[in-house]
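Notes follow the structure.
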Amino acid sequence: MIFGRRGRKPIRIPVKAVEQWKYTTCNYCSTGCAIEIGLDAQGRIVTSRGHAGADVNRGKLCIKGLLEHELFDSPGRGKVPLMRNKAHETFAPASWDAALDRSAAEIKRIQAQYGRDAFAVVSTGQLLTEEFYTLGKLVRGQIGTNNYDGNTTLCMASAVSGYKRSFGSDGPPGCYEDFEHTHCLMAFGSNLPEQHPIIYWRLKEALEKRKFPVIVVDPRVTMLAQFADIHLPITPGTDVVLLNAMLHVIFKDGLEDRAYIEQHTQGIEALRALVMSSDYDPVHAQHVCGIDEDRIRQVARLYANAPAAMSIWTMGINQSTHGSDGVVGINNLNLVTGNIGKPGGTSLSITGQCNAMGTREWSSCSGLPGYRALEKEKDRKTVAEFWGVDESFFPKKRGMTQTDIFPAIEDGRIKGLWLVATNPMTSMPNQPRIRKAMEQLEFLVVQDVYEDVESNEYAHVYLPAAVWAEKEGCHTNTERRVNLTRNVLKPYADSKPDFWIFKEMAKRFEDRHKIHFADRPEGAFEEMKLLSVGAGRTLDISGMSYDRIEAARGIQWPYSAERAAADEARVGPAGALEMKQRQDFKGNPRLYTDGVFQTDTGRANLIALPFIDNNERPDAEYPFWLNSGRVVEHFHTRTRTGKIGNCNKFSPTPYMEMNPDAADELGVAHGAYVRVVSRRGDAVVMVQCTHRVPRDMLFIPFHFHDCVNRLTLGLLDPYSRQPAFKQNAARVEKIDQREAARLNLERRAF
Ligand SMILES: Nc1nc2c(c(=O)[nH]1)N[C@H]1C(S)=C(S)[C@@H](COP(=O)(O)OP(=O)(O)OC[C@H]3O[C@@H](n4cnc5c(=O)[nH]c(N)nc54)[C@H](O)[C@@H]3O)O[C@H]1N2
Ligand SMILES: Nc1nc2c(c(=O)[nH]1)N[C@H]1C(S)=C(S)[C@@H](COP(=O)(O)OP(=O)(O)OC[C@H]3O[C@@H](n4cnc5c(=O)[nH]c(N)nc54)[C@H](O)[C@@H]3O)O[C@H]1N2
Ligand code: SF4
Ligand SMILES: [Mo]
């Protein structure tokens, strides 16, 4: 292939000899891009590309997806299981049998000595859905601890809880296609261009065809804010006040959708009474949320007058002491304006990890598989019968969340922990406290792709896991689209698929319950299909199969067996279809199109949300808001992207955004190292002077170890138990530059 202008020396890109393309889904963020991996004649990976026929990405990928195939043999991967000697001094290679035997024996010892719930399991949003289902079966059906949660408590818990409070069930009701229909889009605390680049591209495409206003609510001038029509630089943690004030204007001007409210909702009186109080009159609310009164009125009118309006949000809402209320507030706004379940009118939580949805649906972390609840007798019975276990083995309500498990380690209620695909040493708030908790564990198993992951420092047993296309199974993305990753290559060295590890562990618990586990992930998927049907269930995947999913490049649930049969009768079997016909297997783009919700009455709940100001706030001693988040090149704790040259090269240094005026005031130069101090600890970072943050705010990406989470407090949301990672107080101190440079070089060891 040759690019370049006539007469100039052309740029040559060597043609790679691809013999075969294999179908996968990206394993980083929740956008859910379809990736094809190219293999040469010897079966070696030579390249990858976005799938042109996939609805989600239509051939596009971001930097992480483009380079993802480089991670299979990246440095630091776990080759064999490791076990620590008794004195916790050395880590030595062990056989799989020895590592699993020891783990099972320690779990049993701890449970016998301290009670079943004294052993906790913390999982993730990174695994395949079939693996989540299998882990749930093992933990709920055999190990029998109720202290089982996922890192989704750091991420999506507020969205889940808000959806349940408003609609009676989890499940984002909209889809990316809504951009094509909407007349007004409001984005709360979501930076699509960096965190979901391909969703951003879908939004840009829609805007190029048809202009509509984009309003961004974020205290930072993010890339998305730069491109917005209106940017609302909100005071951190006060989105609920803005949302209540918008409703105040909507009711005052009579812009609400009365017919929709009357037919499909309940609770309007209490909501109206609260938002009409003087607290939420924009005249007063502006002093709390930092957005001036006229702007609030303008945005409220724009939103309510649009024929269809939609809201999206991510961590700026969820990671807050008002996370769940923020989600309910967004749902209130959309219900009051009749913007649920219609094209371009929706409350769409942009999910985080590639399979954060899969774990919500099938892992049994906070309940039982298929959005079933431990609290409901009928649900406990159905699952107990299906798995062949005694119903009384299930607890009657959910146990601790991840953010409650660590304090319980501190006070001795929990003695043992199994970490599956999560790295709390870097990702949990208040790292000094987490470190102390980890030191106290009698037994810790770490199951991760990388043996150099920080949490492994405290492990007694390390289980090396296979990654991404070394395995086979499904993910569910932000818009409820189930997509497939085919197995492309063998697991690295002696690492094993998580599916295999869970099943091997299950054999060691057969003395409690002998449960049937499917041989292959596809068998587990078939089992999940059976559990997904039932009267009125939204989460129906019974019409899906691996072949249908691959043919359609992903199918959105609900997708029933009847619907699949009708689709096949119309256009033929999945395998034999032309590209155009494949689109007929899409599934359902939207939920609640009939205005019937999953509550007892079928009506959605409108909920009054009084604002309580309970954040740690800047003061004389710690005068800055400390905000944290992400950059495009890195994913989370950098276990993967930190090892991939072209990701790490573009973003190698722990840095901090600081307003140039604030830097001037303190005499801090652009590019200088500083010490940032909070009530929890300190961290050394390089200053990047930028007007992206206001004068009283610092922003630090959380990807680097020993960095921002040494400083964060992480107060919890009362409903979701999700930490407020983004609202903390800190101060900045000057330090010796040579000493700091040395410290940072050491830290860049990879
Ligand atoms: N490149 C890359 N992409 C990713 C990830 C990654 O690590 N790297 N991780 C994935 C995951 S798991 C997730 S959860 C998503 C996260 O995706 P995003 O939530 O979009 O990313 P963040 O940078 O964490 O936070 C978004 C914004 O919230 C703003 N914010 C802070 N406080 C407030 C507030 O009080 N109100 C409002 N309205 N906004 C506020 C911050 O200023 C920040 O700009 O990204 C996913 N995609
Ligand atoms: N200050 C601050 N802190 C934050 C956030 C923030 O915005 N600010 N965001 C929070 C959010 S939204 C999230 S989602 C969390 C993320 O926090 P973590 O879950 O701790 O972060 P990851 O680095 O994704 O950890 C996943 C681990 O799983 C491993 N892994 C990947 N694939 C597999 C697999 O297939 N099998 C196995 N066994 N292991 C695998 C990776 O190597 C990695 O070590 O961080 C939270 N922490
Ligand atoms: S946008 Fe997300 S899913 Fe798509 S390639 Fe990038 S990281 Fe992967
Ligand atoms: Mo996340």
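The values are calculated or read from the model by the stated rules, or taken from the named source; none is laboratory data. Model, not experiment: these values are computed from the prediction. So basically every Cβ, Gly included, is an ideal-geometry build from the backbone, and we count neighbours across all protein chains shown. Please note that ligands, DNA and RNA were not included when accessible areas were found on the heavy atoms of the full protein model with its side chains. Shrake-Rupley method; radii C 1.70, N 1.55, O 1.52, S 1.80 Å.
Applying the set (1) open to solvent by 30 Å² or more (accessible area, probe 1.4 Å); (2) within 11 Å of ligand 2 (Cβ to nearest atom); (3) polar (S, T, N, Q) to Gln737 leaves exactly one unmet item: (2).
Can you confirm whether region 99-106 contains a residue that is over 29 Å from the mean Cα position of the chain (by Cα) and either of a type in the set (Lys, Arg) or closer than 30 Å to Asn648 by Cβ (or both)? For region 99-106, residues over 29 Å from the mean Cα position of the chain (by Cα) and either of a type in the set (Lys, Arg) or closer than 30 Å to Asn648 by Cβ (or both): present. Within region 314-330, not a single residue is surrounded by fewer than 18 Cβ atoms within 10 Å (Cβ to Cβ) and in contact (Cβ under 8 Å) with a residue 24 or more places away in the chain.
Taking the conditions exactly as written (outside any loop (DSSP other than H, G, I, E, B), within 16 Å of ligand 4 (Cβ to nearest atom) and at pLDDT 95 or above), does Thr351 satisfy them or not?
Working: outside any loop (DSSP other than H, G, I, E, B): no; within 16 Å of ligand 4 (Cβ to nearest atom): yes; at pLDDT 95 or above: yes.
The answer is no for Thr351.
Find the residue count for region 347-371, including only residues that are of a type in the set (Phe, Trp, Tyr) and within 16 Å of ligand 2 (Cβ to nearest atom). Outline the logic, then answer.
Restricting attention to region 347-371, the residues satisfying the condition of being of a type in the set (Phe, Trp, Tyr) are 362, 371.
From the residues that got through so far, the ones that are within 16 Å of ligand 2 (Cβ to nearest atom) too are 362.
Adding up the residues that qualify gives 1.
When residues of region 434-484 are filtered for being part of a loop (DSSP other than H, G, I, E, B) and either open to solvent by less than 20 Å² (accessible area, probe 1.4 Å) or within 14 Å of ligand 2 (Cβ to nearest atom) (or both), how many remain? Reasoning before the result, please.
Keep residues of region 434-484 that are part of a loop (DSSP other than H, G, I, E, B), which gives 441-442, 449, 451-453, 459-460, 466-467, 471-472, 477-480.
When the remaining residues are screened for being either open to solvent by less than 20 Å² (accessible area, probe 1.4 Å) or within 14 Å of ligand 2 (Cβ to nearest atom) (or both), the result is 441, 449, 451-453, 459, 466-467, 471-472, 477-480.
The number of residues fulfilling the criteria is 14.
The lone criterion from (1) surrounded by fewer than 23 Cβ atoms within 10 Å (Cβ to Cβ); (2) within 16 Å of ligand 4 (Cβ to nearest atom) left unmet by Thr359 is number (1). Selection of first residues in region 660-675 that are small (Gly, Ala, Ser) and of second residues that are at pLDDT 95 or above and part of a helix (DSSP H, G or I), restricted to Cβ pairs under 9 Å at least 6 apart or on distinct chains, gives the following pairs, ordered by first then second residue: Ala669/Ala663; Ala672/Ala663.
Looking only at residues that are open to solvent by 10 Å² or more (accessible area, probe 1.4 Å) and of a type in the set (A, V, I, L, M, F, W, C) in region 137-191, which one is farthest from ligand 1 (Cβ to nearest atom)? Filtering region 137-191 for residues that are open to solvent by 10 Å² or more (accessible area, probe 1.4 Å) and of a type in the set (A, V, I, L, M, F, W, C), the one farthest from ligand 1 (Cβ to nearest atom) comes out as Val160.
Could you tell me how many of the residues in region 496-543 are among the charged types (D, E, K, R) and part of a helix (DSSP H, G or I)? The total comes to 8.
Please work out if Asp239 is crowded, with 24+ Cβ neighbours inside 10 Å, away from ligand 4 (no atom under 16 Å from the Cβ), in contact (Cβ under 8 Å) with a residue 12 or more places away in the chain and closer than 18 Å to Leu185 by Cβ. Against the criterion (crowded, with 24+ Cβ neighbours inside 10 Å, away from ligand 4 (no atom under 16 Å from the Cβ), in contact (Cβ under 8 Å) with a residue 12 or more places away in the chain and closer than 18 Å to Leu185 by Cβ), Asp239 qualifies.
So is Pro343 open to solvent by 10 Å² or more (accessible area, probe 1.4 Å) and either away from ligand 1 (no atom under 16 Å from the Cβ) or not acidic (Asp, Glu) (or both) or not? Against the criterion (open to solvent by 10 Å² or more (accessible area, probe 1.4 Å) and either away from ligand 1 (no atom under 16 Å from the Cβ) or not acidic (Asp, Glu) (or both)), Pro343 qualifies.
Would you say Tyr133 is over 21 Å from Ala228 (Cα atoms) and either touching a residue at least 60 places away in the same chain (Cβ under 8 Å) or open to solvent by 10 Å² or more (accessible area, probe 1.4 Å) (or both)?
Here the answer is yes, as Tyr133 does meet what is asked.
Considering only residues in region 220-232 that are in contact (Cβ under 8 Å) with a residue 60 or more places away in the chain and touching a helix residue (DSSP H, G or I) at 6+ places or on another chain (Cβ under 8 Å), the one that is nearest to ligand 2 (Cβ to nearest atom) turns out to be Thr222. Taken over region 303-313, the residue count meeting the criterion of being in a helix (DSSP H, G or I) and surrounded by 24 or more Cβ atoms within 10 Å (Cβ to Cβ) is 2.
Working only within region 394-433, note down all residues that are of a type in the set (Phe, Trp, Tyr) and either in a helix (DSSP H, G or I) or crowded, with 24+ Cβ neighbours inside 10 Å (or both). Selection gives Phe406, Trp418.
Do we have any residue at all in region 539-558 that's farther than 22 Å from Asn487 by Cα and open to solvent by 50 Å² or more (accessible area, probe 1.4 Å)? The answer is no; no qualifying residue exists. Of all residues in region 11-36, those satisfying the criterion of being part of a strand (DSSP E or B) and either within 16 Å of ligand 2 (Cβ to nearest atom) or over 19 Å from Leu489 (Cβ atoms) (or both) are Ile11, Arg12, Thr24, Thr25, Cys29, Ile35.
Of the residues making up region 410-438, not one is without any contact (Cβ under 8 Å) to a residue 40 or more places away in the chain and closer than 21 Å to Met505 by Cβ.
Tallying residues that are open to solvent by 10 Å² or more (accessible area, probe 1.4 Å), not hydrophobic (A, V, I, L, M, F, W, C) and not in a helix (DSSP H, G or I) within region 362-389 yields 6.
For Gly523, indicate whether it is open to solvent by less than 60 Å² (accessible area, probe 1.4 Å) and within 26 Å of Thr593 (Cβ to Cβ). No: the conditions fail for Gly523.
Sub-6 Å Cβ pairs linking a first residue in region 615-639 that is under 8 Å from His703 (Cα atoms) to a second residue that is part of a loop (DSSP other than H, G, I, E, B) and modelled with pLDDT of 95 or more, at least 6 apart or interchain, are Phe635/Tyr28; Thr637/Asn423, ordered by first then second residue.
Here is a check on your reading of the model: is Leu203 within 16 Å of ligand 3 (Cβ to nearest atom) and without any contact (Cβ under 8 Å) to a residue 60 or more places away in the chain?
yes
In the set (1) more than 18 Å from the chain's Cα centre (by Cα); (2) not in a helix (DSSP H, G or I), the condition left unmet by Ser320 is number (1). Every test in (1) more than 16 Å from ligand 3 (Cβ to nearest atom); (2) open to solvent by 10 Å² or more (accessible area, probe 1.4 Å); (3) in contact (Cβ under 8 Å) with a residue 24 or more places away in the chain; (4) within 30 Å of Gly714 (Cα to Cα) is passed by Glu194 save one, and that test is (1).
Residues that are within 25 Å of Pro307 (Cβ to Cβ), open to solvent by less than 20 Å² (accessible area, probe 1.4 Å), more than 16 Å from ligand 4 (Cβ to nearest atom) and not aliphatic (A, V, I, L, M) do occur in region 197-208.
So, Leu128, is that one in contact with an Asp or Glu (Cβ under 8 Å, 6 or more places away or on another chain), closer than 20 Å to Lys507 by Cα and touching a residue at least 40 places away in the same chain (Cβ under 8 Å) or not? Explain how you work it out, then say what you get.
Details: in contact with an Asp or Glu (Cβ under 8 Å, 6 or more places away or on another chain): yes; closer than 20 Å to Lys507 by Cα: no; touching a residue at least 40 places away in the same chain (Cβ under 8 Å): yes.
So Leu128 fails the test.
In region 48-72, which residues are part of a loop (DSSP other than H, G, I, E, B) and either closer than 17 Å to Tyr28 by Cα or of a type in the set (Gly, Ala, Ser) (or both)?
Here is the first cut: in region 48-72, the ones part of a loop (DSSP other than H, G, I, E, B) are 51-62, 67, 72.
Selection gives His51, Ala52, Gly53, Ala54, Val56, Asn57, Gly59, Lys60, Leu61, Cys62, Leu67, Phe72.
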